[in-house]
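Once you've had a glance at the structure underneath, I'll fire off some questions.
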Amino acid sequence: MTKTALRWTIRQIPEGFGSPVIVGPHLYRLHSPGILKCYGMADGAEVYSQRLEGAAPAVSPIVTGDGTIYFATSGRSYVVKAGAKYEQVAVNNLDDANYASPAVSEGRIYLKGQRFLYCLGRKVP
């Protein structure tokens, strides 16, 4: 990348191992210790910062077509709506914490715990 193509940088990035995700005009990244930061894509300005108690920053989030962001693990998971303000949809805890990123296939989310493999989705009749 050339310096002329660079739009913005964040000089000091807090610890975080999971990938960020972009939804519309915002970039979302979970940092340690469970701090969700939302940045504006146009200028890199911080839009908001929100503590997600027990969220695993090593896990990469997934996004659905309607702009719902899943910070999903076999421990504590958060479901958040994309937007300029923090909007929590749900919090769930399977109490089997592991730092594996979720996998998605055919409308289901798969989560690897320390004891079990979980499959979340609608029950097919």
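Within a Cβ distance under 14 Å of residue 99, other residues only, what is the Lys/Arg minus Asp/Glu net charge? Numbers along the way, then the final one.
Working: positive: 76, 112; negative: 15, 96.
Neighbourhood net charge equals 0.
On to the next question. Between Rg and the Kirkwood Rh of region 19-69, both from Cα atoms, what is the Rg to Rh ratio?
Details: Rg = 10.7 Å, Rh = 11.2 Å.
A ratio of 0.95.
What number comes out for the charge environment of residue 124, summing +1 per Lys or Arg and -1 per Asp or Glu over other residues with Cβ under 15 Å away?
That works out to +2.
Loop only by DSSP, 11 or fewer other Cβ within 10 Å of the Cβ. Give me the trypsin sites (Lys or Arg not before Pro) in region 1-97 that pass, ordered by residue number.
Values: sites: 3, 7, 11, 29, 37, 51, 76, 81, 85; in loops: 3, 7, 11, 85.
Within region 1-97, the qualifying trypsin sites (Lys or Arg not before Pro) (loop, at most 11 other Cβ atoms within 10 Å) are 3, 7, 11, 85.
When Lys and Arg each count +1 and Asp and Glu each count -1, what net charge do the other residues less than 12 Å away from residue 40, Cβ to Cβ, add up to? Before the final figure, lay out the partial values.
On the way: positive: 7, 37; negative: 43, 46.
Residues close to residue 40 contribute a combined charge of 0.
Nothing charged except the Cβ atoms of Lys and Arg (+1) and of Asp and Glu (-1): what's the magnitude of the dipole of region 21-120 about its Cα centre? Round to the nearest 20 debye.
Details: 9 positive and 8 negative charges, 27 e Å.
Dipole magnitude for region 21-120 comes out near 140 debye.
Hey, what's the Cα Rg ratio for the chain versus the globular rule of thumb, 2.2 N^0.38 Å?
Output field value: 1.11.
May I ask you to list the GluC sites (Glu not before Pro) in region 42-108 that are in a DSSP loop and have at most 14 other Cβ atoms within 10 Å of their Cβ?
53, 106
Any idea what the relative contact order of the chain is, in percent, if you count C-alpha pairs under 8 Å spaced at least 6 apart? Don't skip to the answer; put the middle values down first.
Working: 265 pairs, mean separation 19.8, N = 125.
Relative contact order for the chain comes out at 16 percent.
In addition: Hey, rough spin-label estimate for residue 41 and residue 22, points 7 angstrom out along Cα→Cβ, what's it come to in nanometres?
According to this spin-label approximation, the distance is 0.5 nm.
Taken together, the values in this text are just the output of simple stated rules run on the coordinates, not laboratory data. Quick caveat: nothing in here was measured; it's all calculated off a predicted structure. Cβ sites come from the backbone with ideal geometry, for glycine too, and all protein chains shown count toward neighbours.
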